[in-house]
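Worksheet for the structure shown next.
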2 protein chains.
Amino acid sequence: MRLKLMARWAAAVAMLLAFAQPALAEDGYGLWLRYRPLAAGPAADLATRAGSIETEEAADPTIAAAVAELRRALPGMTGRPAGQGGTLLIGTPASPRIAALGLLLARAGDDGFVIRDVTVGGRRLLVIAGNRPVGALYGAFHFLRLAQQGALPARLDVAERPRVKLRLLNHWDNLDRTVERGYSGQSIWAWWKLPIASDPRYVDYARANASLGINGAVLNNVNAKPDSLTPDWIAKAAKVADVLRPYGIRVYLSARWSAPVELKQAKTADPLDPAVAAWWRAKADEIYRAIPDFGGFLVKANSEGQPGPQDYKRTHVDGANMLAAAVKPHGGIVMWRAFVYSDVDPDDRAKQAYDEFKPLDSRFADNVIVQVKNGPIDFQPREPFHPLFGAMPKTPLMLEVQITKEYLGFATHLAYLAPMWSEVLAADTYAKGRGSTVAKVIDGSLEGHRLTGMAGVANIGSDRNWSGSIFDQANWYAFGRLAWNPDLTPQAIAGEWARQTFTPDPAFVTPVTAMMMGSRQAVVDYMTPMGLAHLMATGHHYGPGPWVGDLARPEWNPTYYHRADKDGIGFDRTRTGSNAVAQYAAPVAKRFADKRTVGDDFLLWFHHVGWDERQPSGRTLWEELVSRYDRGVATVEGMQRTWASLAPMIDGERAAQIASFLVIQKEEAIWWRDASLAYFGSVSGRKLPTGVRPPAHDLQTYEAIRHPYAPGHH
Amino acid sequence: MRLKLMARWAAAVAMLLAFAQPALAEDGYGLWLRYRPLAAGPAADLATRAGSIETEEAADPTIAAAVAELRRALPGMTGRPAGQGGTLLIGTPASPRIAALGLLLARAGDDGFVIRDVTVGGRRLLVIAGNRPVGALYGAFHFLRLAQQGALPARLDVAERPRVKLRLLNHWDNLDRTVERGYSGQSIWAWWKLPIASDPRYVDYARANASLGINGAVLNNVNAKPDSLTPDWIAKAAKVADVLRPYGIRVYLSARWSAPVELKQAKTADPLDPAVAAWWRAKADEIYRAIPDFGGFLVKANSEGQPGPQDYKRTHVDGANMLAAAVKPHGGIVMWRAFVYSDVDPDDRAKQAYDEFKPLDSRFADNVIVQVKNGPIDFQPREPFHPLFGAMPKTPLMLEVQITKEYLGFATHLAYLAPMWSEVLAADTYAKGRGSTVAKVIDGSLEGHRLTGMAGVANIGSDRNWSGSIFDQANWYAFGRLAWNPDLTPQAIAGEWARQTFTPDPAFVTPVTAMMMGSRQAVVDYMTPMGLAHLMATGHHYGPGPWVGDLARPEWNPTYYHRADKDGIGFDRTRTGSNAVAQYAAPVAKRFADKRTVGDDFLLWFHHVGWDERQPSGRTLWEELVSRYDRGVATVEGMQRTWASLAPMIDGERAAQIASFLVIQKEEAIWWRDASLAYFGSVSGRKLPTGVRPPAHDLQTYEAIRHPYAPGHH
C-alpha cells in the first residue's frame, strides 16, 4: 500500500513536471545558463557540497547577485531543495569567515577568484572568494560553469584572474533601435522607453556577460549620433548602467567627434580650441554625475566619412588626448579606433592604418588605448594579424574582433569564430623576437602596459535567442572566454559551451565540437579561399559579388581585392607590389613575402599568383581554388549529416531551427561557390577540371541577383 | 508514517514546481492562452468532465490542432494527468459518434460550433462539434475560454456562429521587417529566412488567432512593394500559409497596383488593357498554385501616393473588377480600400471617400468588398462613423479598424479600444430607418449581403509579448471577439480577457475592467477632446502638434482640423461650412448639424464654436476644454492608483512593466495637456480658469520639441 501510494505520488510528480514543459520551451533565451538537472551522481555530489549558500556580505549588490545566481541555479541542477547538504560560502576578505581561511587570494588579482574545498572545524566547506565582490561573482559563475558540465573534481582548488583589463562588448546599436550589421532583431536597448521603463532582459544580459567576465559595454554604434550625448540620452544610458552595475559591467559611449557643433553648442570641433576642450570636460562631468562609474568614450574618427580631428588639420593624438583629459579626472578612458583608410589615398588599404598610427606611438595620453581590428582590412573570414600589433610598443593596443557575422554568413551560417580569434591571438609578431604573440601585446605583458583590453562587436539583439541563432551564442561565449584568457583553446571553449547549452553527453559534445571547429574554415573555403577577401555583394554584404568593380572608391570594389585577370589572381603585397609585407617584423615579412613559405591561408592576400602555378598539392592554382570551393560546400553537407545524427539528442525546437539554417547555409555555400567559379572561370579562361560540377547558372544570372531586403543594411 | 511520507512527497512536488518557476517567467508570450491551474473546485469539475479527449477525425489537421490544444491546456488547468475522468468528444458529423447525437448543428452554421453536455448510454459526455473542422476548433477554444475563467455551468449547452465571414488581420508589415505604425518590434514574418526556415512563433500566432475566430491575415503592408508578388516572395507567403492552414486562417496579400510595370512585365497598369488583365490572371494562377486556398488581394489604390487605376483615367470599379476577375476562378476576393483623399481636392477631407465611392455603388463585381475605416478621417481617438456605412446598399462593405495605436499612445499608453469599436458598430446609420446600425451593415443583415467582413490593422510584432504591452494584447483579443460577434459588450470582453490573462479573481477583474473601460476616453480627453482630431506631431504622430500649419498639403496640418482662431475652435461641417453632415442619413445629419443635439463627443468635429459659448455644464467652451484635458490626466493618475493596488495580485514582471508604462503615459498625458492648453490659450487669448495648473513650459518650448527617434516612422 505504501509503495503503491509512493508510486502514485511519483507519477504525479512526473506529470506535474511534464505539464510545466510547454512553458519551458527551448527558445534559446537561457543561453548557457540553463541550469538543467544533472545526472544522478553529479547532482548528489553537488547537493552535498553546495546545498546551502552563505555569505557575510549580502548587503553588497554584487555579492547579492552572486548568491542569487547560485540559489537560482543549484536547486534546478541538483533537483533538491536549497538548504540541505553542504555549505558554500561566498565573499571577499571583508567577510571574517573568509579572511580567516587564508586563501592566498593574491592569485586572484583584482578581478579574479579562488574556488576551494576546505575543511573548517572538521566540516567541509566550499569557498568562492575574490578580493573584490566582482571576483566572487565571477567565481560563482565559474563554479556553475564547471558544475553544469558534469562531475566536479573531488577536491576543487581553482584560482583564476583575467588576463586583460577591459573585456568589452561594442554594440553597433543605433538610437532608432536598428543595429548596424545586426542580424538578431532590434537593439536590446529599448531606448524610447528608457529611462522610465527598464526591461528584465537587461538583467539577463548582465548575467550572461558576467558569467564570462565581460566587464564593459559600449552601448551605441561607433557611427554615432550627437544625440546620444544629450541629457535625455545620458539619462537613458544611466538607467542601463544602474542595471548593469551590480554585475561589474561599466557603461561606455561612442562619441561623435562633431557633437559639440551639431548640438549647436560650439562653432568648431577643433580639439585644440579651448572652447571645445571645455565643452567635452563639461560633458564628461555631466555624464559622470549621472553615471559615476562611466567607463569612457569609444571614438571612430576620420574613418569612413565620420568626422574627426583631421577635419581641423589636427591628429588622432590631438583628438584622443583632448578627450582623455576630459574623462581623466573621473578615472575614465578613451578607446580610439585605428580603423582608418583615406578617401583620397590610392595606397593599399591594408597599409593605411599602420602608416597613419605607427608614427603616433608614444604620443597618446596614459588613459588612451588604441583599438585595432584583428586584421588590416575589415573582419574578413580570414586575415593576417594587423601589422600594428607589435609596432606601437609605447601605446596600449586593444584587439577588436567582430562577433556579429557581417562577413561570415550572418545569422544563418554556422561559423564558430574562436578558431579565427585564436589564430590572431597566437600569431607571432616577432616584435621582441620569437614568442611576441598578439596575445602578449594585448595583455600588456610584452611591453608592460597596464591598460589592456579586448573588444567584440556584439551579435546581440532583441531576438528571443539573443544572437539570431543558437550557434551564434557560442561566439558571444567564446569572445568572453578568450577575453578572460586568450590562451584557452577554441576546442575547449566549444566543449564548455556545448555541454552547458545542450547536454554534457560526450556522444553529443564530441561530434558537435568537431563540427564547430571546422565550421569557420568552411566559410573561408566557400566564400574567400586561399587569402582572398572582401568579395561580398555591395552594401549588405549578402552573397557573392567578386565581379563588382564600378563603385566610387577603389577599395570598395571586390576587384580591388582579388585583382584577377587572365594570368592570375591575388594582391601583390610584396616589394613588387604594395610592399605591405614590410609593415611586419622581419621574420614575419620574410615568411609572408615568399610564395613558398606564406602558406595557402594567405597566399592570395600577399601574392598575385598565376592560374597555372603548381601548388604543394600538385594541382594548379586554379584547380586548387576550385577544390577549396568544393571543400567548403562539402563541409557544410557534412555538418548537415552530423546535425541530423545529433538533433534527436536535444529538444525539437532548437534542433529544427538549426537544421533549417543548415539548409540555408548549404544553398548559399553553393551559391557562393557557383557564382565565384563562374566569375573566376570567365576571367581566367580556365575550364573546370574533369568531374567537377559546373555552376548551376551562367555568370550573368549571378550578376543579376539583387537582394534589396537582405539583412545587414543600416 | 504514511502521512509523513505523503507530506515529504508533497514537499517534493511543491519544490519541483517551484524550480520550474524561473523558466515560467511571465513575459506575456502566452497571451490569453496561459492554461494555468484553476482553483480546486473548478479544476476537479473540469477533470471530471474533460479528463480524456477523444475524436474519430484525428487525421484532419484542424481537428488534430483542436485536440492538441485541449491536451496541452487541460492537464495544466486541472493539475491532473490526461486520460482520467470524463470524456470530451470533438469533431464534425463526419464522425459517426457525433452524427449519432443529433446535435442540431444547423445552429453552428459553416464556421460555428455546439458545446454540450450529453448523456450517452447512461454516461456523461461533453461534445464539441462543428459542421466543419474549423467550427470544432473554434469550439475547443471557446470551451477553453469558458474553463479558464472559472466555474463552468452545470450543464453546458452553447451554440455560436460568427456574424461576419471575413475576420481579418491586416499586417502593415514591410519586406525589410519594419512595420508601418508598428510599436512591438519587427514583423513577426522573418521574411528573409522564409521559405526555408519557419518559426514556432507562426504556430502560436495561428493558435491565438484561431482562439478568437480570426480566419485571415493580409501578410504585407497596404503600402505594398511589387516584390511581394515575385516567385520568391510567393514561396515565402506559401510557407506561412502552410503553417496557418490547419488553424483555419487564410493568407491574403496586399497588391501594388503598378506591380506589372515595376516588375518590368508590362508597359502599363491600365486595368482595361487586356495585357494587364492577363498579367494579373497569370499572377493569380501562379499564387493559387502555391497557395490553393489563397484568400485574395487587399488594395490601397490612388491613396496617399499609391498608384491606382485613376493614374490611367479609370475608376476604382475598373481596377477592383479587373483584379476580381483574376481571382474569381479560384474563389478569391478583392478587398478595395475606400481610404482615399485627393492630393488636389480642396474639399473637406472627411467628405472625399464618400464623394468618390458612393457613386460607384452597385458597380463592383460580386467578389469585391469595399473596406471602409471606422471614421471618415483616419483612426483618430474618436470619430463619428464613416458616412459610407449605409450609403452603398448594393455593395458589401467591410469595417477596417486599427488595432495598433498610431493615434492612441503607441505601445505605452493603456487604451482599451473595444469601446471605440463598439461605439461605431452600434452607431445607427438610419439607412433603412432606426436600428440600421453599422454592425448590421457589415454583417450583411441590413441589405442581405453574403460577403461580409471586419479587418483590424494588427498590433503584432516580434516583441516577446507580441503587442508591445500586455494591455495591447486586449485590443487584439477584443478585435477578434467583436469580429465574431459585434454585439458583445466591451465590458464583457475585457472581463474575459483579464480573467484569462491575469486571474479570474473578481477582486482583480472588477477594478481592472473598470480601468480598461475608461482608458480610451482618457486618451480622447488628453489628446483630442470634444471632437477635435489629428492634432499629433508630424510624421511619427508622437506627441502634440496642434500648432503645425506649414505642411505642404492642407489636410496634413493639425490647424486644418481644429481651425482655432481668436473667436473659436472646430471644423464647421454644417451647411454653413463643408456640409459633411449632409452625407449622413437625415435623422443623423439633423442631430450632427445642431450644436444642441450633436453631443460634446463630436461638437468640434461638426461645429466651429465660440470660446465663450456656454456648454450644458454651464462652463464656457474654453473652460470645458480645459476641464477635459484635466480629466484626461486625472484619469491616468487614477489608473496608476488602481494598478498600484492590483499589481500585487499578479506576477512582478508584468506588473512592473505595466506600472512603468503608466508612468510614461502620465508624463505624456501631461505633455499633451500642457502643450495643447499653451497653444489654444495663445490662439484664443483666454486665460486658464482660476485654480487650474498652468502648463509647465511656455508654448515655444513645446513647439521646439523634436523626436527624431520616436517610434512610428516607416
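The values are calculated or read from the model by the stated rules, or taken from the named source; none is laboratory data. Since we're looking at a predicted model, the values are computed, not measured. In this analysis, Cβ positions are derived from the backbone assuming ideal geometry, glycine residues included, and neighbour counts consider all displayed protein chains.
Scan region A:224-241 and tell me whether some residue there is closer than 29 Å to residue A:501 by Cα and either crowded, with 21+ Cβ neighbours inside 10 Å or more than 14 Å from chain B (Cβ to nearest Cβ) (or both).
Scanning region A:224-241 turns up at least one residue that is closer than 29 Å to residue A:501 by Cα and either crowded, with 21+ Cβ neighbours inside 10 Å or more than 14 Å from chain B (Cβ to nearest Cβ) (or both).
For region B:187-195, state whether one or more residues are aliphatic (A, V, I, L, M), without any contact (Cβ under 8 Å) to a residue 24 or more places away in the chain, within 14 Å of another protein chain (Cβ to nearest Cβ) and touching a helix residue (DSSP H, G or I) at 6+ places or on another chain (Cβ under 6 Å).
No, there is no match, as no residue in region B:187-195 is aliphatic (A, V, I, L, M), without any contact (Cβ under 8 Å) to a residue 24 or more places away in the chain, within 14 Å of another protein chain (Cβ to nearest Cβ) and touching a helix residue (DSSP H, G or I) at 6+ places or on another chain (Cβ under 6 Å).
Starting from residues that are within 18 Å of the chain's Cα centre (by Cα) and buried (at least 19 other Cβ atoms within 10 Å of the Cβ), keep the ones in region B:173-185 and report whichever is nearest to residue B:254 (Cα to Cα).
Selected residue: B:173.
Check residue A:464 against each of (1) surrounded by 21 or more Cβ atoms within 10 Å (Cβ to Cβ); (2) under 26 Å from residue B:463 (Cα atoms) and name the one condition it does not meet.
(1)
Can you find, within region B:501-527, the residue that is nearest to the chain's Cα centre (by Cα) among those that are assigned to a helix (DSSP H, G or I) and among the aromatic types (Phe, Trp, Tyr)?
B:526
Report the residue count in region B:166-186 for those that are within 14 Å of another protein chain (Cβ to nearest Cβ) and closer than 26 Å to residue B:661 by Cα.
Counting residues in region B:166-186 that are within 14 Å of another protein chain (Cβ to nearest Cβ) and closer than 26 Å to residue B:661 by Cα gives 9.
Within region B:646-668, is even one residue more than 30 Å from residue A:204 (Cα to Cα) and more than 14 Å from every other protein chain (Cβ to nearest Cβ)? Before you say what the answer is, go through the steps one by one.
Our first condition is that a residue be more than 30 Å from residue A:204 (Cα to Cα); within region B:646-668, this holds for none.
No, that holds for no residue.
For residue A:48, work out the one condition from (1) in a helix (DSSP H, G or I); (2) over 17 Å from residue A:152 (Cβ atoms); (3) modelled with pLDDT under 95; (4) more than 11 Å from every other protein chain (Cβ to nearest Cβ) it doesn't fulfil.
With (1) in a helix (DSSP H, G or I); (2) over 17 Å from residue A:152 (Cβ atoms); (3) modelled with pLDDT under 95; (4) more than 11 Å from every other protein chain (Cβ to nearest Cβ) applied to residue A:48, the lone miss is (2).
Which ones in region B:440-474 are away from chain A (no Cβ under 14 Å), among the aliphatic types (A, V, I, L, M) and either within 30 Å of residue B:394 (Cα to Cα) or outside any loop (DSSP other than H, G, I, E, B) (or both)?
B:441, B:442, B:446, B:451, B:454, B:455, B:457, B:458, B:474
How about region B:544-557: which of its residues are over 29 Å from the mean Cα position of the chain (by Cα), small (Gly, Ala, Ser) and within 19 Å of residue B:678 (Cα to Cα)?
B:549
With more than 10 Å from chain B (Cβ to nearest Cβ) and at pLDDT below 95 as the only criterion, which of A:20, A:7, A:11, A:66 stands out?
A:7
Can you find, within region B:269-310, the residue that is nearest to residue B:370 (Cα to Cα) among those that are of a type in the set (D, E, K, R) and surrounded by 17 or more Cβ atoms within 10 Å (Cβ to Cβ)?
The residue in question is B:300.
Which fully enclosed helices (runs of 4 or more DSSP H) of region A:568-659 have 1 or more residues being over 26 Å from residue A:685 (Cα atoms) and touching a Phe, Trp or Tyr at 6+ places or on another chain (Cβ under 6 Å)?
A:586-593, A:621-646
For the structure I just gave you, tell me whether residue A:603 is under 30 Å from residue A:26 (Cα atoms) and more than 14 Å from chain B (Cβ to nearest Cβ). First the steps, then the outcome.
On the way: under 30 Å from residue A:26 (Cα atoms): no; more than 14 Å from chain B (Cβ to nearest Cβ): yes.
Considered against the rule, which asks whether it is under 30 Å from residue A:26 (Cα atoms) and more than 14 Å from chain B (Cβ to nearest Cβ), residue A:603 comes out as no.
Could you check how many residues of region A:449-495 are of a type in the set (S, T, N, Q) and more than 30 Å from residue B:187 (Cα to Cα)?
Total satisfying the criteria: 4.
All but one of (1) within 31 Å of the chain's Cα centre (by Cα); (2) part of a loop (DSSP other than H, G, I, E, B); (3) surrounded by fewer than 19 Cβ atoms within 10 Å (Cβ to Cβ); (4) of a type outside the set (Val, Ile, Thr) hold for residue B:691, so report the exception by its number.
Just one mismatch for residue B:691, condition (1).
Output the qualifying pairs, or none if there are none: Cβ atoms under 9 angstrom, residues six or more apart or on different chains, first residue in region B:685-714 and within 14 Å of another protein chain (Cβ to nearest Cβ) and without any contact (Cβ under 8 Å) to a residue 60 or more places away in the chain, second residue charged (D, E, K, R) and assigned to a loop (DSSP other than H, G, I, E, B).
Pairs found: B:708/A:176; B:708/A:225; B:709/A:176; B:709/A:177; B:709/A:225.
Which numbered condition in (1) within 14 Å of chain A (Cβ to nearest Cβ); (2) assigned to a loop (DSSP other than H, G, I, E, B); (3) over 29 Å from residue B:336 (Cβ atoms) is the only one that residue B:415 fails?
Here residue B:415 clears every test but (1).
Say we look at region A:356-413 and pick out the residues that are hydroxyl-bearing (Ser, Thr, Tyr) and over 14 Å from the mean Cα position of the chain (by Cα); which of these is surrounded by the fewest Cβ atoms within 10 Å (Cβ to Cβ)?
Ranking the qualifying residues of region A:356-413, first place goes to A:362.
Going by what's in this entry, would residue B:640 be described as under 30 Å from residue B:25 (Cα atoms), in contact (Cβ under 8 Å) with a residue 60 or more places away in the chain and not aromatic (Phe, Trp, Tyr)?
Considered against the rule, which asks whether it is under 30 Å from residue B:25 (Cα atoms), in contact (Cβ under 8 Å) with a residue 60 or more places away in the chain and not aromatic (Phe, Trp, Tyr), residue B:640 comes out as no.
Considering only region A:579-586, I want to know if a residue exists there that is on the phi > 0 side of the Ramachandran plot and out of contact with any His (no Cβ under 7 Å at 6 or more places or on another chain).
Among the residues of region A:579-586, at least one is on the phi > 0 side of the Ramachandran plot and out of contact with any His (no Cβ under 7 Å at 6 or more places or on another chain), which makes the answer yes.
So in region B:558-576, with the set limited to residues that are surrounded by fewer than 17 Cβ atoms within 10 Å (Cβ to Cβ) and either closer than 20 Å to residue B:352 by Cβ or not assigned by TED's automatic domain parsing to the domain that holds residue B:681 (or both), which one is nearest to the chain's Cα centre (by Cα)?
B:563
If you scan region A:200-212, which residues turn out to be more than 8 Å from chain B (Cβ to nearest Cβ) and either surrounded by fewer than 22 Cβ atoms within 10 Å (Cβ to Cβ) or of a type in the set (A, V, I, L, M, F, W, C) (or both)?
A:201, A:202, A:203, A:204, A:206, A:207, A:208, A:210, A:212
For region B:73-94, give me each residue that is more than 31 Å from the chain's Cα centre (by Cα) and closer than 14 Å to residue B:53 by Cα.
B:75, B:78, B:80, B:81, B:82, B:83, B:84, B:85, B:86, B:87, B:88, B:89 - these are the residues of region B:73-94 that are more than 31 Å from the chain's Cα centre (by Cα) and closer than 14 Å to residue B:53 by Cα.
Do we find a residue being touching a Gly at 6+ places or on another chain (Cβ under 6 Å) and of a type in the set (S, T, N, Q) anywhere in region B:467-481?
No, region B:467-481 contains no residue that is touching a Gly at 6+ places or on another chain (Cβ under 6 Å) and of a type in the set (S, T, N, Q).
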